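All remarks here apply to the structure that follows.
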Amino acid sequence: MAEILLSPDELITSTKAAAQFSRLLDSLSDHRWFIQRRGKIEAVLTSLEEYKRLLVLEELVDHMMLGRLIEERERTDSGHRISLDELVEKYDLGE
């Protein structure tokens, strides 16, 4: 898991976050909030734009990992193939 680096001004208790929620939302264009409960960071409040950016990055990483997997399989491919019908028959997967 990635280590979280944050400044003290990004940390807020859940009690203060609840009381100041509207102000926190107003500041999301240039700020993120790490919400702490019982001394432990429980959540992050960030803008919708930042969340969308993170989703795009996650998808990009998934595609890169799939690309590497495909390359590895192509590199180690024995050339042996079996059809779907043969798999169904071999493992008795038919209805």
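For beta carbons closer than 9 Å, sequence separation of 6+ or different chains, a first residue in region 27-46 that is under 13 Å from ASP9 (Cα atoms) and a second that is among the aromatic types (Phe, Trp, Tyr) and surrounded by 14 or more Cβ atoms within 10 Å (Cβ to Cβ), the qualifying pairs are SER27/TRP33. Selection within region 38-55: residues that are over 18 Å from ALA2 (Cα atoms) and surrounded by fewer than 11 Cβ atoms within 10 Å (Cβ to Cβ). The member of this set that is modelled with the lowest pLDDT is GLY39.
The set of residues from region 79-93 being in a loop (DSSP other than H, G, I, E, B) and either surrounded by 10 or more Cβ atoms within 10 Å (Cβ to Cβ) or touching a Lys or Arg at 6+ places or on another chain (Cβ under 9 Å) (or both) comprises just one member, ILE82. Being part of a helix (DSSP H, G or I) and surrounded by 10 or more Cβ atoms within 10 Å (Cβ to Cβ): is that true of LEU6 here? No, not satisfied. When the test is whether a residue is assigned by TED's automatic domain parsing to the domain that holds LEU25, among the aliphatic types (A, V, I, L, M) and out of contact with any His (no Cβ under 8 Å at 6 or more places or on another chain), ILE82 does not pass it.
The values are calculated or read from the model by the stated rules, or taken from the named source; none is laboratory data. Keep in mind that this is a model prediction, so the values were computed, not measured. All Cβ positions, glycine included, derive from the backbone under ideal geometry; neighbour counts span all protein chains shown.
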